[in-house]
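To keep things clear, I will list the structure first and then write my remarks on it.
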Amino acid sequence: AYGSGGLGVAIAMLAIVLLANNTIQNLIEPFAFGSRLHLHPLAVLLTVTTATMLFGVMGAILAAPLTSAGVSGYQQLRAFEADLRERSDG
C-alpha cells in the first residue's frame, strides 16, 4: 500500500488489518472454541488472554484445550463422587 498509494494509504490499510485481526481474535474465536470445547466464550477469552501473557504463544495455543480438559475432568470427578455416595447410602 505504501508503494502504490503513499503513507496515508499504508496507515489506513494497517488500521483496517489490525481492526479485522482484533475482531476475529477477540470476538469470533472465543465463540468458535467455546462451542466446540463446551466452554463459555468469556472463559475462553480470559484463559487464552491470561495464558498468553504468562506463557506466550504456547500458552495461547494450549489454554482452551487444557481448560476444557480440566473442566471435563472436574465434572467426571464430581459425578464419580456422587455415584460413590449414592452407593454407600443405598
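A few remarks follow.
- log10 of Debye I(q)/I(0), alpha-carbon scatterers only, for the chain at 0.10, 0.12, 0.24, 0.25 Å⁻¹: -0.45, -0.57, -1.08, -1.12
- Here's the picture: charge each Lys and Arg Cβ at +1 and each Asp and Glu Cβ at -1 in the chain, and of Gly56, Phe31, Gly8 the one pushed furthest to the positive end of that dipole is Gly8.
- Summarising the label geometry, the points placed 7 Å from Cα in the beta-carbon direction at Leu7 and Leu42 lie 4.4 nm from one another.
- A full extension of the chain between Gln75 and Glu29 corresponds to an added length of 14.1 nm, given 0.36 nm per residue minus the alpha carbon distance.
- Rounded tilt (10° steps) of 7-23 against the dominant C-alpha axis of the chain: 10 degrees
- Computed from Cα atoms alone, the Kirkwood hydrodynamic radius reported for segment 40-89 is 12.2 Å.
- GNM result for the chain, Cα springs below 10 Å: residue of Ala20, Ala32, Ala63 fluctuating most strongly: Ala20
- Rounded FRET efficiency, nearest 0.05, which uses the C-beta distance separating Asp89 from Leu54 and R0 of 41 Å: 0.45
Coordinate-derived values only; no laboratory data. As the structure is a prediction and not an experimental result, all values here were calculated from the model. FYI the Cβ positions are ideal-geometry reconstructions off the backbone, even for glycines, and counts take in every protein chain you see.
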